[in-house]
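Chemist: Submitted below is the structure of interest, expressed as structure tokens.
The values are calculated or read from the model by the stated rules, or taken from the named source; none is laboratory data. As the structure is a computational prediction, the values presented were derived from the model and not from experiment. With ideal geometry, Cβ positions are generated from the backbone for all residues, glycine too; neighbour counts draw on all protein chains shown.
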Amino acid sequence: MQTFDLAADGLRTLNATLHAQAEATNQTVWEVINPKGSHAIAVGLDAPIEVNVKGSTGYYCAGMNKQATVHVHGSAGPGVAENMMSGTVIIEGDASQYAGATGHGGTLVIKGNASSRCGISMKGIDIIVHGNVGHMSAFMAQSGNLVVCGDAGDALGDSIYEARLFVRGSVKSLGADCIEKEMRPEHIAILTDLLERGGCDAKPEEFKRYGSARELYNFKPDNAY
């Protein structure tokens, strides 16, 4: 394992060092110490490496991730795993606003709670939250899966497209065009896999599924008057 002291060597050097692992390397496991809430840790990675951040992070940790596994042993600030393409990001604590925003692929696991707009405009990412999510989560979510083992705040799934939302607890309110949908056997199978990947001990039968009513897909002239 390679250990990098962020306080001693700085963020620019850290990210440049991690980016250099895109070439053939046997330095596949990294430990980052003294993060102290720094922003943009481990952004833009594109290599099958593992990065363990020993502490909490600021804005945009693991943004644009491809292939890498980034494990934050603490909490994460706004925009964690924003626009990630593949790989895995695990947050042991809580995540602030718009976790996993616009994510195209990969898996984001949040073992605490997520704040507002979790999964906003998600485009294929799988997000598993062990706790609760805040208001406007999965706003304009296009595809992928959001699993919430706790409760969801106001306006869940507002203006949703074809993403699947699974919530075990209560939902304060549903957003425009988001409705509860039937949990068919194929959804139980999908959720079972997601819960296993997320390290959750919840049972898929305890969840409700939410998705698009598909009433906003086409413009209706009568609604303009």
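Matching residues to (1) in contact (Cβ under 8 Å) with a residue 60 or more places away in the chain; (2) under 26 Å from I190 (Cα atoms); (3) touching a strand residue (DSSP E or B) at 6+ places or on another chain (Cβ under 6 Å):
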{"residue": "W30", "(1), (2), (3)": "no, no, yes"}
{"residue": "A42", "(1), (2), (3)": "no, no, yes"}
{"residue": "M64", "(1), (2), (3)": "no, yes, no"}
{"residue": "A81", "(1), (2), (3)": "no, yes, yes"}
{"residue": "M84", "(1), (2), (3)": "no, yes, no"}
{"residue": "I90", "(1), (2), (3)": "no, yes, yes"}
{"residue": "A95", "(1), (2), (3)": "no, yes, yes"}
{"residue": "C118", "(1), (2), (3)": "no, yes, yes"}
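Chemist: Also, I was wondering about something else. For the list (1) within 17 Å of the chain's Cα centre (by Cα); (2) under 22 Å from G105 (Cα atoms); (3) not aromatic (F, W, Y), I need the number of the one condition that D151 fails.
Modeler: Failed condition: (2).
Chemist: Read through the list (1) loosely packed, with under 14 Cβ neighbours inside 10 Å; (2) under 20 Å from the mean Cα position of the chain (by Cα); (3) not charged (D, E, K, R), then give the number of the only condition that S173 fails.
Modeler: Tallying (1) loosely packed, with under 14 Cβ neighbours inside 10 Å; (2) under 20 Å from the mean Cα position of the chain (by Cα); (3) not charged (D, E, K, R), S173 fails exactly one: (2).
Chemist: For the range 3-35, give me the residue count where each residue is surrounded by fewer than 17 Cβ atoms within 10 Å (Cβ to Cβ), modelled with pLDDT of 95 or more and outside any helix (DSSP H, G or I).
Modeler: Going through the range 3-35 one residue at a time, the tally reaches 7.
Chemist: Taking only pairs six or more apart or across chains, which ones have beta-carbon atoms under 6 Å, a first residue in the range 138-167 that is over 18 Å from Y217 (Cα atoms) and touching a residue at least 40 places away in the same chain (Cβ under 8 Å), and a second residue that is of a type in the set (S, T, Y) and part of a strand (DSSP E or B)?
Modeler: L165/Y210
Chemist: How many residues are β-branched (V, I, T) and within 20 Å of Y60 (Cα to Cα) if we restrict to the range 11-27?
Modeler: Taking the range 11-27 first, the residues β-branched (V, I, T) are 13, 17, 25.
Among the residues that remain, those that are also within 20 Å of Y60 (Cα to Cα) are: 13, 17.
Here the count works out to 2.
Chemist: So, one more: Could you list all residues from the range 45-65 that are of a type outside the set (V, I, T) and either closer than 15 Å to A101 by Cα or buried (at least 24 other Cβ atoms within 10 Å of the Cβ) (or both)? Explain how you work it out, then say what you get.
Modeler: Step one: filter the range 45-65 for residues of a type outside the set (V, I, T), giving 45-48, 50, 52, 54-56, 58-65.
Correct list: L45, Y59, Y60, C61, A62, G63, M64, N65.
Chemist: List pairs: first in the range 176-201 and exposed (fewer than 14 other Cβ atoms within 10 Å of the Cβ) and among the polar types (S, T, N, Q), second at pLDDT 95 or above and not in a loop (DSSP other than H, G, I, E, B), Cβ under 9 Å, 6+ apart or cross-chain?
Modeler: Every condition considered, the pairs that remain are T192/P204.
Chemist: Of all residues in the range 99-127, which are surrounded by fewer than 24 Cβ atoms within 10 Å (Cβ to Cβ) and touching a helix residue (DSSP H, G or I) at 6+ places or on another chain (Cβ under 7 Å)?
Modeler: Passing the criteria: only T107.
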